[in-house]
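J.: The structure's right below; bear with me while I get my questions together.
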Amino acid sequence: MSMERVKTEMLHLAYEDSGPKKGEPVLLVHGWPESPRCWDGVLPLLHKAGYRTIAPYLRGYGPTGFRSHLIGRNPRRTGQAVAFAQDVIDLADKLKLTTFDFVGHDWGARTGYALSALFPQRLKSLTALSVPFVPGPMKVTSLPLARALWYQWYLCSHPGARDFARNPIKFARMQWETWSPEGWFTESQFEEAAKSWASEDFIEVTLHAYRSRWGHAPTDPKYDLLNDRYESTLSLPTPTLLIHGLEDRCDLAETTDGAGRSFTGGYRRALLDGVGHFVSREAPRETAQEILSHLAYVREVRA
């Protein structure tokens, strides 16, 4: 595995490139609060099947940084899904990837949905982990889901935002401890992931992501056109697999009931028993097998 960087309009974007160099490319995007280490148990099986894997660090995480000091301006630390999607397209363009398969967890799943809505010609397939596609602006449909999303309301308050900014790693640890069944991670796994949350960019991107999602911060006008197109998208054309843990205590498994009606290119949901929000860490073999089955199915259909 090698750590590489590309220079985009907005970022020095870091990514990990591994597997067969001539293999078909699969882009894997982590969520919040996470890092590319969430794919460590999945990648060996993808590599064995002949796939090249490219796992970027999202804006605000680890070695990915904004280019403000180079381009003479101070770009917003935007946390909107459409900004992440544009970053992925910028990376793919730099790597000369005309099309690719996409796998995303949490924020990465939201990125995948935005890619399918805005750049459908670039995606061969989409695998989303733990988060449903919800057309239009964000909305809460049940009190149990509202209770599960307490941390987002907390960050939308001024006292909550200040508290998070004082100790983001402590706040992130609370989510790790409560979103999945007890004992799913080790101290070393958490400490390794937390290395990606050490910058001010992580704080700013996180706060903008959740505060703009619920109308407590303005969206970035740079992405207004993309955001308008995304929020007006009612269905997605990309063949999609959703992997969801039945013990997910953040994005409840019930939130993906009936989600297939929003996908016109084919859709399947895989529910993992005894697994919480961090499916690729908690059940890496099952996650990899589901991804490989989906990739094989898509290729068979297109053959």
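The values are calculated or read from the model by the stated rules, or taken from the named source; none is laboratory data. The model shown is predicted, which means the values in this text are computed figures rather than measured ones. Because the Cβ atoms are built from the backbone with ideal geometry, glycine has one as well, and the counts that use them run over all protein chains shown. Side chains included, ligands, DNA and RNA excluded: accessible areas come from the protein's heavy atoms. Shrake-Rupley method; radii C 1.70, N 1.55, O 1.52, S 1.80 Å.
J.: How many residues, within segment 1-49, are part of a strand (DSSP E or B) and under 15 Å from the mean Cα position of the chain (by Cα)?
T.: 5
J.: Still on this structure: Conditions first: (1) crowded, with 22+ Cβ neighbours inside 10 Å; (2) on the phi > 0 side of the Ramachandran plot. Val88 passes all but one, so which condition is the exception?
T.: Every condition holds for Val88 apart from (2).
J.: May I pose another question? Output the residues belonging to segment 249-262 that are open to solvent by less than 20 Å² (accessible area, probe 1.4 Å) and in contact with a strand residue (DSSP E or B) (Cβ under 9 Å, 6 or more places away or on another chain).
T.: Hits for segment 249-262 are Asp251, Ala253, Thr256, Ala259, Ser262.
J.: Could you grab the pairs with beta carbons closer than 6 Å, sequence gap of 6+ or different chains, first residue in segment 136-152 and of a type in the set (Val, Ile, Thr), second one modelled with pLDDT of 80 or more and assigned to a helix (DSSP H, G or I)?
T.: Hits for this filter: Val140/Ala146.
J.: While we're on this one: Restricting attention to segment 263-292, and to residues there that are in contact with a strand residue (DSSP E or B) (Cβ under 8 Å, 6 or more places away or on another chain) and part of a helix (DSSP H, G or I), which single residue is surrounded by the fewest Cβ atoms within 10 Å (Cβ to Cβ)?
T.: The selected residue is Glu286.
J.: Follow-up. With respect to Trp179, determine if the residue is surrounded by fewer than 18 Cβ atoms within 10 Å (Cβ to Cβ), of a type in the set (Phe, Trp, Tyr) and in contact (Cβ under 8 Å) with a residue 60 or more places away in the chain.
T.: Considered against the rule, which asks whether it is surrounded by fewer than 18 Cβ atoms within 10 Å (Cβ to Cβ), of a type in the set (Phe, Trp, Tyr) and in contact (Cβ under 8 Å) with a residue 60 or more places away in the chain, Trp179 comes out as no.
J.: Also, quick follow-up: Which one of these does Arg76 not meet: (1) open to solvent by 40 Å² or more (accessible area, probe 1.4 Å); (2) modelled with pLDDT of 95 or more; (3) over 16 Å from His12 (Cβ atoms); (4) not polar (S, T, N, Q)?
T.: Checking Arg76 against (1) open to solvent by 40 Å² or more (accessible area, probe 1.4 Å); (2) modelled with pLDDT of 95 or more; (3) over 16 Å from His12 (Cβ atoms); (4) not polar (S, T, N, Q), the one that fails is (2).
J.: Considering segment 148-175 alone, what residues qualify as being of a type in the set (A, V, I, L, M, F, W, C) and within 19 Å of Tyr57 (Cα to Cα)?
T.: Ile169, Ala172
J.: I would also like to ask the following. Every residue in segment 126-159 that is more than 15 Å from the chain's Cα centre (by Cα) and small (Gly, Ala, Ser), please.
T.: If the condition is that a residue be more than 15 Å from the chain's Cα centre (by Cα) and small (Gly, Ala, Ser), then Gly136, Ser142, Ala146, Ala148, Ser157 are the ones that fit.
J.: So, in segment 117-135, of the ones that are of a type in the set (S, T, N, Q) and not in a loop (DSSP other than H, G, I, E, B), which residue ends up surrounded by the fewest Cβ atoms within 10 Å (Cβ to Cβ)?
T.: Per the stated criteria, the residue is Gln121.
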